[in-house]
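To start, the structure under review is shown below, and the notes come after it.
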Amino acid sequence: MRKTLSALVLTLPLLASHYALADESSALKAKLTEVATLKAKFEQTVTDINNKQIQKGSGIFALAYPNQFYWHLTAPDESLIVADGKDVWIYNPFAEEVSVMDLNQAINASPIALLVHRDEETWSQYSVTSNNGCFSIKPKSIDAGVESVKVCFDDKTLIEMVLQDQQGNVSQFSLSEQTDIADSELSLFKFTVPDDVDIDDQRLHPLN
């Protein structure tokens, strides 16, 4: 009996930790539910493992539940990422190439896609911790494409995203001039393949 009680006492901190993580994940999902749609300008700064700045950029970021987001880097070079609810399109105008992948593939490459994803099975693959209005999202698998993503809120407003890759590079996005997305702007989440570009279809079940 004493051994049983001892084992139970040792287990309690682990259970408390498990439920705390579950609560923080629920808290983040509750925050994201409040941000049903969002359009904002962003300023991007990328630093390497030695904290040396290697790139600055700016553009437009938008998201809408379910499973839609838009990321348009306009400077210094243009690139575009569009999630239309099912597929994710990555367009590089300079290379004249479009890559397309399934949404879940994109989440594996970057947990930032979780911002518009509500699938419990997918969320269970990530741990979430919180501190002073910021939530850190880390994949449980070592095979994920990034080390962590941090999202920060000012009350109900998403103000910052920070992505760290496995090479130690950190991309920080500061958001400003946020608005809800008007019905007339929903076309942001519809990608039309430009003429005369190469298409790299990486979907698990590509369309013919």
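The values are calculated or read from the model by the stated rules, or taken from the named source; none is laboratory data. What you see is a predicted model; the values in this text were computed from it and never measured. Every residue, glycine among them, receives a Cβ derived from its backbone with ideal geometry; neighbour counts consider all protein chains shown.
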Reported set for region 198-208 where residues are of a type in the set (A, V, I, L, M, F, W, C) and modelled with pLDDT under 90 is 204, 207
Do we find a residue being more than 17 Å from residue 203 (Cβ to Cβ), part of a strand (DSSP E or B), of a type outside the set (Gly, Ala, Ser) and touching a Lys or Arg at 6+ places or on another chain (Cβ under 7 Å) anywhere in region 112-127? yes
Taking strands (runs of 3 or more DSSP E) that do not extend beyond region 150-207, which have at least 3 residues that are among the β-branched types (Val, Ile, Thr)? 157-165
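Residue-wise test of (1) surrounded by fewer than 17 Cβ atoms within 10 Å (Cβ to Cβ); (2) in contact (Cβ under 8 Å) with a residue 40 or more places away in the chain; (3) in a strand (DSSP E or B); (4) small (Gly, Ala, Ser).
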{"position": "88", "(1), (2), (3), (4)": "no, no, yes, no"}
{"position": "91", "(1), (2), (3), (4)": "no, yes, yes, no"}
{"position": "94", "(1), (2), (3), (4)": "yes, no, no, no"}
{"position": "98", "(1), (2), (3), (4)": "no, yes, yes, no"}
{"position": "105", "(1), (2), (3), (4)": "yes, yes, no, no"}
{"position": "129", "(1), (2), (3), (4)": "yes, yes, yes, no"}
Take the residues in region 54-86 that are assigned to a strand (DSSP E or B) and of a type in the set (D, E, K, R), then tell me which one is farthest from residue 123 (Cα to Cα). 56
Filter region 6-58 down to residues that are hydrophobic (A, V, I, L, M, F, W, C), more than 20 Å from the chain's Cα centre (by Cα) and modelled with pLDDT of 80 or more and give me whichever is nearest to residue 149 (Cα to Cα). 49
The one condition in (1) more than 20 Å from residue 81 (Cβ to Cβ); (2) surrounded by fewer than 16 Cβ atoms within 10 Å (Cβ to Cβ); (3) of a type outside the set (Asp, Glu); (4) in contact with a Phe, Trp or Tyr (Cβ under 8 Å, 6 or more places away or on another chain) that residue 29 fails to fulfil: (2)
Within region 110-120, identify whether any single residue is at pLDDT below 85 and of a type in the set (Asp, Glu), and answer yes or no. yes
Of the residues in region 53-79, those that are surrounded by 16 or more Cβ atoms within 10 Å (Cβ to Cβ), aliphatic (A, V, I, L, M) and in contact (Cβ under 8 Å) with a residue 24 or more places away in the chain come to 62, 63, 64, 73
Criterion violated by residue 3 - all others in (1) more than 20 Å from the chain's Cα centre (by Cα); (2) modelled with pLDDT of 90 or more satisfied: (2)
Residues in region 147-189 that are more than 15 Å from residue 134 (Cα to Cα), crowded, with 16+ Cβ neighbours inside 10 Å and either of a type in the set (Gly, Ala, Ser) or free of Cβ contacts under 8 Å to residues at least 12 places away in the same chain (or both) total 1
